[in-house]
Amino acid sequence: MSNRPVLNPSTVQTALRDLAQSLRAWRLWSLLGWLEIRQRYARSKLGPFWLTISTGVLVATLGVVYGSLMGQKISSYLPIVAIGLVVWNLFSASVNEGAMAYINSANYIRQAQTPRLVYMFQVVWRNLVIFAHNAVIVLVVLALFGVHDLRALPLFIPGLALFVLNATWIAMAAGLLSARFRDLPQIIAALLQVAFYVTPILFRGHMLPAHAQWIVRFNPLSYWIDLVREPLLGVFPSALAWGVGGVAALLGWAAALGLTGRYHRRIPYWI
């Protein structure tokens, strides 16, 4: 790898040009993502709703078991688990599949001159469609147990947008680095498994004892998930959560675009 700086005028222009071309090609990556879902569930009566059913069973099982172990009321604990798992599935699938996006699309990249980020947007779009299917679980749980304060509900939209932006830049960086270092997808999958247990998905931060609060306090994923989950629970996300989400998105996208611009031409050779 060369020693030239990551962010020079040529790198920035290449990255921004690729981003602009990828956004203009939204019909391509949205169609590719949708076709991949259809192919995955070809000739299936329920299609992606099989994922919804399996996630729903998992939510009900974990909600009852862990709620009993933690001494929580099902009416207050089940929404936490439902939203946490559905949101986490969106994040982990986007990052895991993003790490393999360039590798799995090697034939397209070698044979056709397409913007690189098309394949990342395809991954994120596909998982957003699956997220929309799984959101049925959240709607059912909230319909059963209600939302405490409807005034916070509209904040779900900007919260989800920030969450997706952060998941996307991580997928972009993971995909580029994984194309160069083929052991990285396995490392990322292992790290995500660890992150699942130290991120407040099956619990909320205040449920931890005082000496363990640092697990949540220094985990940016906990703030990102709060941006989506808290409004659905009728709680206004903290200013700190918005700050962590916004700053991470700005810095992360700058870094990911810098890497993409610098190594844009090397991707076909790495894969």
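The values are calculated or read from the model by the stated rules, or taken from the named source; none is laboratory data. Note that this is a predicted model, so its numbers are computed, not measured. Neighbour counts run over all protein chains shown; Cβ positions are idealised from the backbone, glycine included.
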Next item on the list: Considering only the stretch 160-194, state which residues are out of contact with any helix residue (DSSP H, G or I) (no Cβ under 8 Å at 6 or more places or on another chain) and of a type in the set (Gly, Ala, Ser).
Entry: ALA161, ALA190
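Each row is one residue, and each column tells you yes or no for (1) modelled with pLDDT under 95; (2) in a helix (DSSP H, G or I).
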position: PRO115; (1), (2): yes, no
position: ARG126; (1), (2): yes, yes
position: VAL129; (1), (2): yes, yes
position: ALA132; (1), (2): yes, yes
position: VAL136; (1), (2): yes, yes
position: VAL140; (1), (2): yes, yes
position: PRO158; (1), (2): no, yes
position: ALA161; (1), (2): no, yes
position: TRP169; (1), (2): no, yes
Check: Within the stretch 194-213, can you find the residues that are closer than 20 Å to ARG229 by Cα and part of a helix (DSSP H, G or I)?
Finding: ALA195, PHE196, TYR197, VAL198, GLY205, HIS206, MET207
Note to self: I'd like the full set of residues that are over 21 Å from PRO231 (Cα atoms), surrounded by fewer than 18 Cβ atoms within 10 Å (Cβ to Cβ) and either of a type in the set (Asp, Glu) or in contact (Cβ under 8 Å) with a residue 60 or more places away in the chain (or both), limited to the stretch 52-90.
What the structure shows: TYR66, MET70
Next item on the list: Taking the residues in the stretch 104-146 that are polar (S, T, N, Q) and more than 17 Å from ALA174 (Cβ to Cβ) as candidates, determine which candidate is nearest to the chain's Cα centre (by Cα).
Entry: ASN134
Notebook entry, point to check: So which residues in the stretch 168-210 are within 13 Å of the chain's Cα centre (by Cα) and among the aromatic types (Phe, Trp, Tyr), if there are any at all?
Noted result: TRP169, PHE196
Next item on the list: Could you please let me know if VAL228 is within 16 Å of the chain's Cα centre (by Cα) and either outside any helix (DSSP H, G or I) or within 21 Å of VAL59 (Cα to Cα) (or both)?
Entry: yes
Checklist line | Residues of the stretch 76-109 that turn out to be in a helix (DSSP H, G or I) and either hydroxyl-bearing (Ser, Thr, Tyr) or more than 30 Å from ARG265 (Cα to Cα) (or both), as a count | finding: 18
